[in-house]
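Undergrad: My questions will all concern the structure given below.
Please treat every number below as a calculation from the coordinates, not as lab data. This structure is a prediction, so every number in the text was calculated from the model and none was measured. Please note: Cβ atoms are built from the backbone with ideal geometry, for glycine as well, and neighbour counts cover all protein chains shown.
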Amino acid sequence: MRYKIILEYNGAGLIGFQKNRQGPSVQSLVEDAVLKFSGQAVEVVPCGRTDAGVHAAAMPAHFDLTDKADDADTVKRALNFYLTDSPVSVVSCEAVPDDWHARFSCKMRRYRYVIINQDFPPVLERNFSWWVPQPLDIDAMRNAAARLIGTHDFTSFRAAECQAKSPIKTLDEAQIAGREPRITLDFSARSFLYHQVRNMVGTLCEIGRGKPLDIDAILSACDRTIAGPTAPACGLFFMSADY
């Protein structure tokens, strides 16, 4: 039986989604919860792998149970019982066909980035936003974000560690909303390059600060050093996915 789960998690204090020996991850916590309630060692496959410090409102994932197949509500309750006091919760759980895949069946992914634009450090949203004390020109940021929409070579917004075969991606949405001090940047695409969203946000923020950066020139250069800095992980949220 294959189960689709939707995860909500606070990425502060986690090494990211993918497990390794450096510390707790979303994957390790959920896999441990599955093992405790079912006695089975499984692989939890996500829609996407978020970095250390990145959060999720609704991250889809799947895993298979073979020796014991419970109804989805039982699985959800059991997982949340063993995830109590952890930074991860199971929002929903359902049985899906064996060929459904959290990553490869996905048709659209949505991310949100949160900026707090004020002259004093935020306290309540410290781990859930990027504090930018300098005034930002939101209209200039919106105009620049519109230039990112469409199919482009996003090499200039791609991390050196990116392992994607092609830098060509189609960005379907790049919207900037909210009122000061809380500014949100929403991005949607079928898939993203490694650090693409954070690099786009860092560049748009530089433009908002008044830096004379041109999005078209940055895209054409295919040079990461031409674009702005990588925005901190703490302001990034995986919001949802379509299948």
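Undergrad: Quickly work out the Ala12-to-Ala57 label distance, labels modelled 7 Å from Cα along the C-beta direction, and quote it in nm with one decimal.
TA: 1.8
Undergrad: Continuing with the same structure: Using DSSP to define loop residues, name the trypsin sites (Lys or Arg not before Pro) in the range 158-236 whose beta-carbon has at most 16 other beta-carbon atoms within 10 Å.
TA: The qualifying sites are Lys165, Arg179, Arg190, Arg209.
Undergrad: List nothing, just return the count: lysine pairs in the chain, 8 or more apart or interchain, with Cα separation under 14 Å.
TA: 4
Undergrad: Continuing with this model, one more query. Given a Förster radius of 41 Å and the C-beta distance between Arg182 and Asp71 as r, what FRET efficiency does 1/(1 + (r/R0)^6) yield to the nearest 0.05?
TA: The pair Arg182/Asp71 has a calculated efficiency of 0.55.
Undergrad: If you don't mind, there's one more thing I want to ask. Mind checking the full-extension length gain between Ala159 and Asn127? Use 0.36 nm per residue of separation minus the Cα-Cα distance, one decimal, nm.
TA: So the extension gain works out to 9.2 nm.
Undergrad: Compute the helix-to-body angle for 26-38: its Cα long axis versus the longest principal axis of the chain, expressed 0 to 90° and rounded to tens.
TA: Once rounded, one gets 10 degrees.
Undergrad: If each residue of separation counts as 0.36 nm, what is the full-extension length gain between Met108 and Ala217 once their alpha-carbon separation is subtracted?
TA: Going from the current span to full extension adds 36.5 nm.
Undergrad: Could I ask something else about it? Find the centroid of the Cα atoms in the range 172-243 and in the range 106-129, then give the distance between the two in whole Å.
TA: 12
Undergrad: If I model a spin label as a point 7 Å beyond the Cα along the Cα-Cβ vector, how far apart are those points for Asn80 and Ala95 in nm?
TA: With each label point 7 Å from Cα toward Cβ, the separation is 2.1 nm.
Undergrad: So what's the projected area for the chain, the Cα convex hull averaged over all directions, in nm²?
TA: Convex hull of Cα atoms, orientation-averaged projection: 13.5 nm².
Undergrad: In the range 2-96, if every C-alpha pair distance is counted and binned at 10 Å from zero, what percent goes to each bin?
TA: Percent of Cα pairs in each bin: 18, 57, 24, 2.
Undergrad: Restricting things to alpha carbons, find the Rg to Rh ratio for the range 114-243 using the Kirkwood radius for Rh.
TA: 0.95
Undergrad: Using the basic label-point model (7 angstrom from Cα toward the beta carbon), what is the Arg21 to Ile149 distance in nanometres?
TA: In this crude spin-label approximation the distance works out to 4.8 nm.
Undergrad: Stretch Ala41-Phe120 to full length: gain in nm at 0.36 nm per residue minus the Cα-Cα span?
TA: Full extension of this stretch gives 23.7 nm more.
Undergrad: Which whole-number percentage describes the relative contact order of the range 145-233, with Cα contacts under 8 Å and a sequence gap of 6 or more?
TA: Taking the mean separation of contacting Cα pairs over the length of the range 145-233, I get 35 percent.
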